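What follows is one structure encoded as structure tokens, with my remarks underneath.
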Amino acid sequence: MSDLKGKVALVTGGSRGIGRAIALKLADQGVNIAINFMRNRKAAQATVEELEAKGIKAKAYRANVGKEDELHEMFEQFEADFGKIDILISNAASGVLKPAMELTRRHWAWTMDINAATLLHLVQHSVPLMNGNGKVVAISSLGSVRAIPDYTAVGASKAALESLVRHLSVELAPKGINVNTLSAGVVDTEALKHFPERDQILENSRVRTPAGRLVTPDDVADVALFMVTDAAKMIHGATIVVDGGYSVVA
Ligand SMILES: NC(=O)c1ccc[n+]([C@@H]2O[C@H](COP(=O)([O-])OP(=O)(O)OC[C@H]3O[C@@H](n4cnc5c(N)ncnc54)[C@H](OP(=O)(O)O)[C@@H]3O)[C@@H](O)[C@H]2O)c1
């Protein structure tokens with residue numbers, strides 16, 4: 001993994017949960033890290049301190065990734081601080097969790113925009129800083145291909161995200177850039193607190209997962225790390241599933 005030393009990664013939503021685990025895993029390999037967050041500055045600061053303790057350069061940027069002007073400003077500061085980007089982890093997500101019958105057009109548009117269009121804008125900002133070589137990993141979920149209670153809009157946005165990844169991968173592979181999706185099974189992060197049926201989702205996942213336990217943020221980070229190494233250089237436009245076998249059970 002030593003090919004990563006001195007590279008620069010931007011991890012959106014890197015202050016907590018899965019994004020934080022990926023940031024720490026990359027930092028272990030000597031990657032300099034920019035994390036992005038939206039509300040919780042304390043958590044972002046704590047993660048930056050953990051990252052710096054690993055001997056790398058780390059910074060946190062507050063920006064709502066769903067807002068183009070805030071993204072623009074973040075990239076201006078990021079470029080001034082780091083000068084280039086080798087690895088983009090598009091991890092921050094949001095969206096409306098409601099039964100399909102309660103979804104409005106506004107809920108739908110906002111969720112699709114923040115989860116799918118954001119990747120497009122992140123990539124458009126990142127590619128000019130990649131100098132003909134880069135890795136993009138978009139974090140998705142099994143809700144892109146399976147029905148989960150209250151997940152209609154987010155699931156559809158994750159399906160759009162995975163399609164966008166395939167299209168981007170074809171356009172960017174000739175430029176030396178790999179674009180792929182990492183789709184995770186249920187991971188017990190703070191995000192799950194927003195699900196009305198959280199306990200049932202966790203229990204169902206534990207019982208149904210052939211590997212016998214839930215996926216952890218660290219499990220996801222291990223695979224993300226592999227996806228940004230040279231060993232993964234011929235993987236383009238793929239969706240790599242990290243779910244302990246959950247989705248292959250009939
Ligand atoms: N947890 C699961 O079961 C699971 C399963 C499969 C896939 N995923 C995917 O994994 C990714 C991370 O999920 P997680 O469970 O780790 O979430 P989490 O623990 O709730 O962390 C969310 C992170 O994203 C940031 N964030 C939220 N909205 C943002 C916005 N609009 N702009 C910028 N940053 C924003 C948060 O920053 P603040 O704290 O500052 O708001 C925080 O750093 C998401 O794409 C999610 O869909 C999760």
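Every number in this text was worked out from the coordinates using simple rules, so none of it is lab data. A quick note: this is a predicted structure, and the numbers were derived from the prediction, not measured. Using ideal geometry, Cβ is built from the backbone for each residue, glycine included, and neighbour counts are taken over all protein chains shown.
The C-beta contact set for region 58-87 (first residue exposed (fewer than 14 other Cβ atoms within 10 Å of the Cβ), second residue assigned to a strand (DSSP E or B) and among the basic types (Lys, Arg), distance under 6 angstrom, 6+ apart or interchain) comprises ASP81/LYS59. Scan region 195-217 and tell me whether some residue there is within 10 Å of the ligand (Cβ to nearest atom) and within 26 Å of GLU70 (Cα to Cα). No, the conditions are met nowhere in region 195-217.
Name the single residue, out of those in region 8-34 being within 9 Å of the ligand (Cβ to nearest atom) and in a loop (DSSP other than H, G, I, E, B), that is surrounded by the fewest Cβ atoms within 10 Å (Cβ to Cβ). Only one residue fits best here, namely ARG16.
A Cβ distance below 7 Å, combined with a sequence gap of six or more or placement on separate chains, defines the contacts here; from region 91-114, residues that are in contact (Cβ under 8 Å) with a residue 60 or more places away in the chain reach residues that are aliphatic (A, V, I, L, M) and part of a helix (DSSP H, G or I) in the pairs ASN91/ILE18; ASN91/ILE22; GLY95/ILE114; GLY95/ALA153; GLY95/VAL154; LEU97/VAL154.
Going by the structure shown, is ALA43 near the ligand (Cβ under 8 Å from one of its atoms), without any contact (Cβ under 8 Å) to a residue 60 or more places away in the chain and not polar (S, T, N, Q)? Taking the combined requirement at face value, the residue satisfies it. Residues that are farther than 13 Å from GLY155 by Cα and among the aliphatic types (A, V, I, L, M) within region 90-102 comprise ALA92, MET101, listed in sequence order. If you go through region 104-155 and pick out every residue that is within 24 Å of ALA250 (Cβ to Cβ) and either within 11 Å of the ligand (Cβ to nearest atom) or not in a loop (DSSP other than H, G, I, E, B) (or both), you end up with 9. When we screen LYS54, LYS25 for residues that are closer than 20 Å to SER183 by Cβ, basic (Lys, Arg) and in contact with a helix residue (DSSP H, G or I) (Cβ under 9 Å, 6 or more places away or on another chain), the only hit is LYS25. Scanning for something within 11 Å of the ligand (Cβ to nearest atom), under 24 Å from ALA160 (Cα atoms) and either in contact with a helix residue (DSSP H, G or I) (Cβ under 8 Å, 6 or more places away or on another chain) or of a type in the set (Val, Ile, Thr) (or both), does region 82-89 turn up at least one residue? Looking through region 82-89, at least one residue is within 11 Å of the ligand (Cβ to nearest atom), under 24 Å from ALA160 (Cα atoms) and either in contact with a helix residue (DSSP H, G or I) (Cβ under 8 Å, 6 or more places away or on another chain) or of a type in the set (Val, Ile, Thr) (or both).
If I go through region 165-186 residue by residue, how many of them are among the charged types (D, E, K, R) and either touching a residue at least 24 places away in the same chain (Cβ under 8 Å) or not in a helix (DSSP H, G or I) (or both)?
2
Taken over region 197-218, the criterion of being in contact with a helix residue (DSSP H, G or I) (Cβ under 9 Å, 6 or more places away or on another chain), farther than 18 Å from VAL249 by Cα and free of Cβ contacts under 8 Å to residues at least 24 places away in the same chain is satisfied by ARG198 alone.
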